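Contents: one structure, followed by commentary.
The values are calculated or read from the model by the stated rules, or taken from the named source; none is laboratory data. Source: prediction; values computed, not measured. Reconstructed Cβ throughout: ideal geometry from the backbone, glycine too, with neighbour counts over all protein chains shown.
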Amino acid sequence: MTTKESEPYYGWVHVLDWLPQFILLGLGGLCVLVFAISSNDVPVTVLAVAINVLTGWPLLGYMYSWVRINPGGWYDQIVRGAVVSGNELILDLGCGLGRSTTFIAKSLRQGQVIGVDIYSKRSLWGNSLLRARKNAEIEGVDDIVDFQYGDALAIPFPDDHFDVVVSAYLTHEIRTREKRVKMMKEIARVLRPGGLLVSGEIPRSRAIFLRYLWFGYWFLSLNHLLDLRDQTGFEVLQEKWMSNSMVIISKKPNLT
Ligand SMILES: C[S@@+](CC[C@H](N)C(=O)[O-])C[C@H]1O[C@@H](n2cnc3c(N)ncnc32)[C@H](O)[C@@H]1O
């Protein structure tokens, strides 16, 4: 994919992880369909059509979501939750190419935002620290934005360091419950007492299953997302839906 050097490039979320499953299901479905048509067998034809629908539907849903996506609206809500005085020191965890980071930076007055990511190219097409820095430069916010390499499971900052941690569409990337709890504990560690965690998430919902069928199970349930906060001592202040997406604002308790 080519990118213009003068325009920011924020990448496409892609499904490389799931491509083998899609290809296997699709090929299997096509083979059964060819067999069914040549043998004139009704039950096998029904099975073949079902397999093809189960493969094609989630793929079409995935493409449709990219046509319909409205990151402006999603990130606006995140910024509203994260930036109150404009002087905050903010960590954008799982910042990727810095779309969320530059959105936040544009609302700051004297604060600073630091983007941290492992820059996985499996999660985001063309993901790289250098390209994130270039995006901040193009957006004119490189003086208040810094990007670093770092893992959400071992955040490279001291305790009680940040006023706000933002995590925009990161949690589903962390594949086991155990690791997600570890990430939440790390977020709690680097947040100052009373600091906010502002997360953009796409919880499982009826609309998600309608769009992706079985692939909807890839998304995490809202109960699980709230339970993660509960288990790690966060107090949930706000849950706000925006179409299929949601912003959850929670607070690290003040010390007593
Ligand atoms: C869906 S992208 C979202 C990127 C960005 N927040 C945005 O809204 O455009 C998820 C990001 O999480 C990052 N990621 C996945 N696992 C991570 C980990 N263990 N630590 C830090 N970042 C991680 C990926 O590299 C990817 O950039």
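Residues in segment 75-110 that are acidic (D, E) and either closer than 20 Å to L124 by Cβ or buried (at least 20 other Cβ atoms within 10 Å of the Cβ) (or both): 2 in all. Scanning segment 81-97 for residues that are within 12 Å of V165 (Cα to Cα) and either out of contact with any helix residue (DSSP H, G or I) (no Cβ under 9 Å at 6 or more places or on another chain) or within 13 Å of the ligand (Cβ to nearest atom) (or both) turns up G81, A82, L89, I90, L91, D92, L93, G94, C95.
Within segment 98-134, being out of contact with any Asp or Glu (no Cβ under 9 Å at 6 or more places or on another chain), more than 21 Å from L153 (Cβ to Cβ) and within 13 Å of the ligand (Cβ to nearest atom) holds for R99, W125, G126, R131. Within segment 85-109, residues that are in contact (Cβ under 8 Å) with a residue 40 or more places away in the chain sit with their Cβ atoms under 6 Å from residues that are among the aromatic types (F, W, Y) and more than 8 Å from the ligand (Cβ to nearest atom), at 6+ positions apart or across chains, in these pairs: L89/F162; L91/F162.
State whether one or more residues within segment 211-219 are out of contact with any Lys or Arg (no Cβ under 7 Å at 6 or more places or on another chain), closer than 18 Å to V166 by Cβ and in contact (Cβ under 8 Å) with a residue 12 or more places away in the chain. Looking through segment 211-219, none of the residues is out of contact with any Lys or Arg (no Cβ under 7 Å at 6 or more places or on another chain), closer than 18 Å to V166 by Cβ and in contact (Cβ under 8 Å) with a residue 12 or more places away in the chain. The lone criterion from (1) modelled with pLDDT of 85 or more; (2) more than 30 Å from F162 (Cα to Cα) left unmet by W66 is number (1).
Let's see how each residue does on (1) in contact with a His (Cβ under 9 Å, 6 or more places away or on another chain); (2) modelled with pLDDT of 95 or more; (3) assigned to a loop (DSSP other than H, G, I, E, B):
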position	(1), (2), (3)
V198	no, yes, no
P203	yes, yes, yes
A207	no, no, no
F215	no, no, no
D227	no, yes, no
I249	no, yes, no
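When you scan segment 163-183, do you find a residue that is more than 15 Å from the chain's Cα centre (by Cα), within 9 Å of the ligand (Cβ to nearest atom) and hydrophobic (A, V, I, L, M, F, W, C), even just one? Checking segment 163-183: not a single residue is more than 15 Å from the chain's Cα centre (by Cα), within 9 Å of the ligand (Cβ to nearest atom) and hydrophobic (A, V, I, L, M, F, W, C). Whether a residue is more than 15 Å from the ligand (Cβ to nearest atom), at pLDDT 95 or above and not in a loop (DSSP other than H, G, I, E, B) was assessed, and D146 passes this test. Determine, yes or no, whether I248 is within 24 Å of V113 (Cβ to Cβ) and either under 15 Å from the mean Cα position of the chain (by Cα) or among the basic types (K, R) (or both). When the stated conditions are applied, I248 passes them. Among the conditions (1) more than 15 Å from the ligand (Cβ to nearest atom); (2) outside the structural domain of Q21 (by TED's automatic domain parsing); (3) of a type in the set (A, V, I, L, M, F, W, C), I78 misses just one, which is (1).
Among the residues of segment 24-43, those that are surrounded by fewer than 16 Cβ atoms within 10 Å (Cβ to Cβ) and in a helix (DSSP H, G or I) comprise L24, L27, G28, L30, C31, V34, F35, I37, S38, S39, V42, P43. Please verify whether segment 173-185 includes one or more residues that are part of a strand (DSSP E or B) and either at pLDDT 95 or above or not assigned by TED's automatic domain parsing to the domain that holds Q77 (or both). No, there is no match, as no residue in segment 173-185 is part of a strand (DSSP E or B) and either at pLDDT 95 or above or not assigned by TED's automatic domain parsing to the domain that holds Q77 (or both).
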